Amino acid sequence: MRKKSYHIAVVGATGAVGQKIINLLENITQFDINEVTLLSSKRSAGKKISFKGREIIIKEAKETSFKDVDIAFFSAGGEVSRQLVRSAVDSGAVVIDNTSEYRMSTEVPLVVPEVNAHTLIKHKGIIAVPNCSALQMVTALQPIRRLFGLERIIVSTYQAVSGTGIHAINELKDQSMKLLAGEEVTASIMPAKKDKKHYPIAFNVIPQVDVFTENDYTFEEVKIIQETKKIFEDSNLKMAATCVRVPVVSGHSESVYIELERVATVDEIRNVLSSAPGVILQDSPSNQLYPMPIYAAGKTETFVGRVRKDPDNPYGFHLWIVSDNLLKGAAWNSVQIVLTMVEKDII
């Protein structure tokens with residue numbers, strides 16, 4: 001059978017996630033790319049990016065940029081998605097949106113292929129990619145949930161600065177070098193660029209990701225809670241989240257406590273995880289084997305370890321979940337959605 005062929009557009013081509021998407025597309029073999037359009041802000045227009053051995057000039061993203069585009073990846077921030085996604089859909093493109101703009105829309109599937117690929121058939125031109133922290137967590141928890149049920153989740157995240165973008169990575173590196181040299185540092189990005197105060201992230205831990213809401217949870221924490229419930233299609237799921245920014249370049253880590261509907265053993269949980277799609281079990285305490293972001297960086301899988309039964313609750317378990325937030329948490333999940341749609345013949 002002849003491979004399908006598509007005209008692909010990447011909006012936010014110079015950003016951290018956009019560049020990862022482009023790199024992943026270079027190695028795709030399941031379908032052909034007959035044309036690629038790279039789009040970015042007016043400031044980045046005119047730059048060149050190499051794709052499959054040829055240089056492509058980046059163009060400014062406009063409402064008229066999507067003529068004949070089949071698939072458009074958006075990763076340029078919520079404001080750009082708000083302005084341009086509908087134009088892309090009206091031009092006939094299927095949009096894979098990496099921002100929070102459409103995640104909670106009732107008409108937009110919020111998709112992690114290992115968890116809820118069945119919702120892809122319901123798309124009306126837009127498919128949303130979940131928050132990176134929610135994404136890796138549901139990937140790991142879905143096989144457990146399927147067999148034992150899930151009553152409650154309490155998650156504490158340890159999030160890398162790359163989740164905020166290239167400028168945050170540069171600020172971490174600059175602050176680290178200055179502090180090691182005994183120099184004073186300034187902060188302009190963390191914990192949230194649009195908030196009033198900013199703190200150094202180098203050699204520091206900041207218990208705030210995004211700005212605070214009225215109930216003293218941050219928007220990041222609210223997003224994880226709401227999106228997890230939507231992905232699992234379970235509005236009754238009990239859940240709380242605390243999101244923390246740590247001085248790591250790439251790779252989000254999570255301490256996750258879960259309460260099951262049925263009693264299980266540690267061995268049963270490990271067995272389920274060892275064969276779960278997209279999951280790699282790294283759990284051998286006697287050998288000090290457990291996931292760490294430095295080793296998860298550059299990989300598309302979600303890594304799970306430190307599986308322990310709660311000492312007081314027979315239904316409770318603790319897990320440690322790590323994944324590359326720019327890959328599985330964004331770029332790879334986006335490409336994976338398209339691969340799944342091609343496989344299911346719905347694009």
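The values are calculated or read from the model by the stated rules, or taken from the named source; none is laboratory data. The structure presented is a predicted model; accordingly, all values stated were derived computationally and were not measured. Because the Cβ atoms are built from the backbone with ideal geometry, glycine has one as well, and the counts that use them run over all protein chains shown. Surface areas here come from the heavy atoms of the whole protein model, side chains and all, with no ligands, DNA or RNA. Shrake-Rupley method; radii C 1.70, N 1.55, O 1.52, S 1.80 Å.
Given the condition in contact (Cβ under 8 Å) with a residue 60 or more places away in the chain, open to solvent by 50 Å² or more (accessible area, probe 1.4 Å) and not aliphatic (A, V, I, L, M), answer yes or no: does some residue in segment 333-345 qualify? Yes, segment 333-345 contains at least one residue that is in contact (Cβ under 8 Å) with a residue 60 or more places away in the chain, open to solvent by 50 Å² or more (accessible area, probe 1.4 Å) and not aliphatic (A, V, I, L, M). The set of residues from segment 233-269 being more than 21 Å from Asp324 (Cβ to Cβ), open to solvent by 30 Å² or more (accessible area, probe 1.4 Å) and assigned to a loop (DSSP other than H, G, I, E, B) comprises Glu233, Asp234, Ser235, Asn236, Glu261, Arg262, Val263, Thr265.
When restricted to residues that are at pLDDT 95 or above and not hydroxyl-bearing (Ser, Thr, Tyr), segment 1-16 contains 7. If a residue must be in contact with a strand residue (DSSP E or B) (Cβ under 6 Å, 6 or more places away or on another chain) and surrounded by fewer than 21 Cβ atoms within 10 Å (Cβ to Cβ), how many such residues does segment 270-300 contain? Counting residues in segment 270-300 that are in contact with a strand residue (DSSP E or B) (Cβ under 6 Å, 6 or more places away or on another chain) and surrounded by fewer than 21 Cβ atoms within 10 Å (Cβ to Cβ) gives 6. Cβ-Cβ distances below 8 Å connect the following pairs, each with a first residue in segment 89-101 that is at positive phi, a second residue that is part of a loop (DSSP other than H, G, I, E, B), and a separation of six or more residues or different chains: Gly92/Phe66; Gly92/Asp68; Gly92/Val69; Gly92/Asp70.
Applying the condition of being aromatic (Phe, Trp, Tyr) and not in a loop (DSSP other than H, G, I, E, B) to segment 29-86 and asking which residue is farthest from Gly163 (Cα to Cα) yields Phe51. Of the residues His123, His167, His198, the single one that is open to solvent by 10 Å² or more (accessible area, probe 1.4 Å), out of contact with any His (no Cβ under 7 Å at 6 or more places or on another chain) and not assigned by the TED database to the domain that holds Ser235 is His123.
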